[in-house]
Amino acid sequence: MPPKVKNTREEIIKAAVEIIRSNGEVALNVRSVAEALGCSTQPVFSNFKTMDELKGEVIKKAQLIYSAFAEEHINSEQFSDYKAEGMAYITFAKNESHLFKLLYLDNTDNSLNSKLEKIASKTLTLSEDEARLFNLEMWAFVHGMAVMTANADFPLHEAVISRIFDDAFEGIKTRFNLR
């Protein structure tokens, strides 16, 4: 009977997430995961057929981390729902730059844009097409700000980012003849 695997899938995923958090996706490989766990590469390959399978699980875990972060930001009720989503996205890029890059630069996930379009449609009383265009214009700003923040090109305090967000939001609302 073969020996029991000592490292669980969850432990391996957690170690992989921490590697990416610290050093970026380029640092993720079987050897780095094994080293982080203090084991050989065998437990990694016993739990995952390929690195792509492990990476897929890491992305799922990173999405959960982002969702919890965004939910906490939104529940603080510091901003309206639409602004809270944008501010959470930018702040996540600042605080978790490597996970942000993994989720939003190396992979595409449009679920957040769909959510924001629904919020814009509801809160600004826009048609579906108008909400899509409004969000596309705002998203160009939010994503750009997040990328600059994640790359440490834009080291601004949250209050400054919030003010810039308001300026962009109000400017686009004006273009849509909204008050």
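The values are calculated or read from the model by the stated rules, or taken from the named source; none is laboratory data. In this text the structure is predicted, and so the values were computed from the model without any measurement. Methodologically, a virtual Cβ is constructed for each residue, glycine included, from the backbone with ideal geometry; neighbour enumeration extends over all protein chains shown.
Observations, loosely collected:
- Residue within the range 17-29 that is buried (at least 18 other Cβ atoms within 10 Å of the Cβ), out of contact with any Gly (no Cβ under 8 Å at 6 or more places or on another chain), more than 18 Å from Tyr104 (Cβ to Cβ) and not assigned by TED's automatic domain parsing to the domain that holds Ala120 present: yes
- A residue that is more than 20 Å from the chain's Cα centre (by Cα) and hydrophobic (A, V, I, L, M, F, W, C) can be found somewhere in the range 6-25.
- Matching residues, the range 78-94, being closer than 19 Å to Lys122 by Cα and either of a type in the set (D, E, K, R) or at pLDDT 95 or above (or both): Asp81, Lys83, Glu85
- Residue in the range 29-49 that is modelled with pLDDT of 95 or more, closer than 24 Å to Phe154 by Cα and either over 21 Å from the mean Cα position of the chain (by Cα) or not acidic (Asp, Glu) (or both) present: no
- Only listed residue being within 20 Å of Asp81 (Cβ to Cβ) and surrounded by fewer than 16 Cβ atoms within 10 Å (Cβ to Cβ), chosen from Asp166, Asp153: Asp166
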